[in-house]
1. Among the listed pairs K121/K303; K280/K303; K45/K65, give every one whose C-alpha distance is greater than 20 Å.
2. Would you mind getting the accessible area per residue of segment 158-241, heavy atoms of the protein chains only, 1.4 Å probe, in Å²?
3. By its C-alpha gyration tensor, with a ≥ b ≥ c as the square roots of the eigenvalues, how is segment 276-403 shaped: rounded for a/c under 1.5, else prolate for a/b larger than b/c, else oblate?
4. Given charges of +1 on the Cβ of Lys and Arg and -1 on the Cβ of Asp and Glu, with all other atoms neutral, how large is the dipole of segment 244-365 about its Cα centre, in debye to the nearest 20?
5. Decide, for segment 105-164, between rounded, prolate and oblate: order the square roots of the alpha carbon gyration tensor eigenvalues as a ≥ b ≥ c, take rounded if a/c falls under 1.5, and otherwise choose prolate if a/b is larger than b/c, else oblate.
6. Could you work out what % of the accessible surface of the chain is carbon and sulfur, using a 1.4 angstrom probe and leaving DNA, RNA and ligands out of the count?
7. Can you tell me the relative contact order of segment 169-268? Whole percent, Cα pairs under 8 Å, sequence separation 6 or more.
8. Quick one: if you stick a label point 7 Å off each Cα along the C-beta vector at S207 and Q140, how many nm between them?
Amino acid sequence: MDDLNLDKASVTALAAFGGRPLFSTPKPVSNLPRPDFNAFLAYLKRAYDRGVLTGRGPVVQDLEKRLCQFHEVPHCVTFNSGFWALAAVMKSLALPGRDEVIMPSLTYRRMADIAGWAGLKPRFCEVNRVNMTNTAVCVQPCLTSSTALIIGVHPISGLADIDGLSQLAGEVGVPLVFDSVESVYEAHQGRRIGGFGTAEVFSLGASKLVNGFEGGYVTTCDRSVAQRLRATLRQTDAEPSTGVAFNGGLSEIHAAMALSCLDDIDNQITRNRRRYLAYKQHLKDLSGIRLLEFSEADRPGYKNIVAEITADWPLERDETIQLLNAELILARAYYPQPLHWRKMGYPHVRSELPDTDEMSRRYVLLPCGELVTEIDITRICELLKFIARNAREIRLTRTGQTS
Ligand SMILES: *Cc1c(COP(=O)(O)O)cnc(C)c1O
């Protein structure tokens, strides 16, 4: 069915109803950059040849320097994942004697667990309805005398409320940390993300913009913050004040991969942008699916593609995702489950978050990244148009199947 003319296909040719999937290999919603293999090996060889294979070796140190240059900051501390980078940040920056971390509910699925690991309580706040970020207006009502830390999360399209949150955090004297995984490449008023707030956290996971297979890092302009974070990685003389040292540093092989990925990042962004523009072109006349647009002013990395399923779309969002998944289009709900809906085995504070509830039902991540071509995108959009045209018959076929 790879050369299927969708105009002629009948609804029963959809993979959900037994037809052959549109694609023979899955089309993911992650970046999955694969830098030049020899470039990766050349970085790795430095560690290998020097025989320094443990601890914070030469390649890790090179990577930290490169990331400092890239983000225009004086300090960078690498970790073995974004998760543990966030854990180290929460544990070492939370105000002593207080225990609540304000975070959006509509975010990275393990964000609350990280607070749990750090012995802190997540308190969930709303996100705005424009680009699903937790602005100062969302955070304000959650401030209490127990607030130990505020987490601002950069959304996929657009930026976090950097100025509003910085002002609010400054007024109440609470540290502000940005989860900047979605905004590695972006700039705020001409200045690259990385030096805002008390610290910013990034991931080097394979699905992210800079791929180290696994890994994470924290950038900061504050020397004492960097020192406290380094102390969490020191096994022998962990600072008793934090008492949370853990074996969570980055390895040389991961740093080598991340460095080779950084070498190619501008080209990657060019490819990402082409994919984004292909979606924009193909979806512009399709009512019911609204692409979240990037603003050139943010110098975007075009890392992910998010679309809103609006009231004009004839099927439910999750039903649409099922149809796409059957075709090996691995579209996903963004996000399937806000954190405040979940069961948690650790202390937390939740309240009603109606905007979050509503936003969590509307959005979908569409295939993107290095394994998706512009031709793939044309076909994905044609399939969406086919679904829109045949929605009535799809519903009837589905009902017939289940009854
Ligand atoms: C992936 C991700 C993380 C965690 O990073 P890992 O390196 O996978 O542990 C944190 N925040 C956001 C927004 C993410 O997308």
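1. From K121/K303; K280/K303; K45/K65, over 20 Å: K121/K303.
2. 37 Å²
3. The shape class here is oblate.
4. Computed charge dipole of segment 244-365: roughly 100 debye.
5. Oblate, because a/c is 1.5 or more while a/b does not exceed b/c.
6. 50 percent
7. 20 percent
8. According to this spin-label approximation, the distance is 3.5 nm.
The values are calculated or read from the model by the stated rules, or taken from the named source; none is laboratory data. Keep in mind it's a predicted model, so treat the numbers as computed, not measured. Every residue, glycine as well, gets a Cβ built from its backbone with ideal geometry; the counts of neighbours run over all protein chains shown. Please note that ligands, DNA and RNA were not included when accessible areas were found on the heavy atoms of the full protein model with its side chains. Shrake-Rupley method; radii C 1.70, N 1.55, O 1.52, S 1.80 Å.
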